[in-house]
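The values are calculated or read from the model by the stated rules, or taken from the named source; none is laboratory data. In this text the structure is predicted, and so the values were computed from the model without any measurement. With ideal geometry, Cβ positions are generated from the backbone for all residues, glycine too; neighbour counts draw on all protein chains shown.
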């Protein structure tokens with residue numbers, strides 16, 4: 001599964017629901033997916049490549065929204081986002 005464009009990343013995130021992952025991972029993946037969608041709509045469509053600019057935009061949106069979350073959920077989302085960034089085949 002390609003994770004170098006938004007569509008491929010969505011497929012990866014959606015596939016987590018078919019795997020045996022814990023509820024924290026499912027929560028974080030859904031939460032982050034929403035911010036990916038927001039950032040992607042700012043810069044293009046679902047076929048756009050994932051760039052450093054897009055990743056930065058997502059990170060900024062997540063940082064601004066962290067007040068919506070409990071401290072525990074903030075850690076869960078942040079850790080998920082950091083691990084997801086390592087799996088993304090983004091272009092510079």
Problem set entry | Residue that is surrounded by the fewest Cβ atoms within 10 Å (Cβ to Cβ) [pool: residues in the range 52-92 that are under 14 Å from residue 9 (Cα atoms) and without any contact (Cβ under 8 Å) to a residue 12 or more places away in the chain] | 86
Exercise. Which of (1) more than 17 Å from residue 83 (Cβ to Cβ); (2) exposed (fewer than 14 other Cβ atoms within 10 Å of the Cβ); (3) at pLDDT 90 or above is the odd one out, the single condition residue 49 does not satisfy?
Worked result: (3)
Exercise. Of all residues in the range 18-34, which are part of a helix (DSSP H, G or I), loosely packed, with under 10 Cβ neighbours inside 10 Å and either in contact with a helix residue (DSSP H, G or I) (Cβ under 8 Å, 6 or more places away or on another chain) or modelled with pLDDT under 95 (or both)?
Worked result: 18
